[in-house]
Amino acid sequence: MATITYHHNDGQTDTIDAKVGDSLMRTALTNGVAGIVGECGGQAMCATCHVYVHDEYVDDLPECSEDEEEMLEVTSSELDEERSRLSCQIKVDSEDFHIDVDIPETQV
């Protein structure tokens, strides 16, 4: 089963079983993961689903689109050029999928 582990600033984690085809943002919202807002519903238009991808997963992800890069420039928390992504733009692509992400301290 695909899994996503969301790491919170207080040291707690949420490891969630994820459906193939769903985004990290949709999985977080469906399962009540604190810290992911997703105001635009996954359209890469608000940056309220910003996450920091753990280093070991960064190279396995598709490149950021131009829209995603623009939104990352207006995140509420500090941008990390290497690790910052919008969780709405990362899709679970297989049953073997696993990723760890840190949730920023604030989204808005």
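Please specify each residue of the stretch 10-37 satisfying the condition of being without any contact (Cβ under 8 Å) to a residue 60 or more places away in the chain and of a type outside the set (D, E).
G11, Q12, T13, T15, I16, A28, L29, T30, N31, G32
Can you give me the number of residues within the stretch 43-54 that are part of a loop (DSSP other than H, G, I, E, B) and more than 20 Å from A2 (Cβ to Cβ)? Show your work before the answer.
Just the residues of the stretch 43-54 that are part of a loop (DSSP other than H, G, I, E, B), to begin with: 43-49, 54.
Pick out the ones that are also more than 20 Å from A2 (Cβ to Cβ) and you get 43-48.
Here the count works out to 6.
Need the failing condition index for C40 against (1) part of a loop (DSSP other than H, G, I, E, B); (2) surrounded by fewer than 20 Cβ atoms within 10 Å (Cβ to Cβ); (3) in contact (Cβ under 8 Å) with a residue 60 or more places away in the chain, just the number.
Answer for C40: the failing condition is (3).
Residue check: is E105 touching a residue at least 60 places away in the same chain (Cβ under 8 Å) and more than 16 Å from T5 (Cβ to Cβ)?
yes
With the structure loaded, tell me whether Y57 is in contact (Cβ under 8 Å) with a residue 24 or more places away in the chain, of a type outside the set (D, E, K, R), surrounded by 14 or more Cβ atoms within 10 Å (Cβ to Cβ) and in a strand (DSSP E or B) or whether it fails that test.
When the stated conditions are applied, Y57 does not pass them.
All of the numbers you see were taken from the coordinates with simple rules; none came from a lab. Note that the structure is predicted; figures quoted are calculated from it, not measured. FYI the Cβ positions are ideal-geometry reconstructions off the backbone, even for glycines, and counts take in every protein chain you see.
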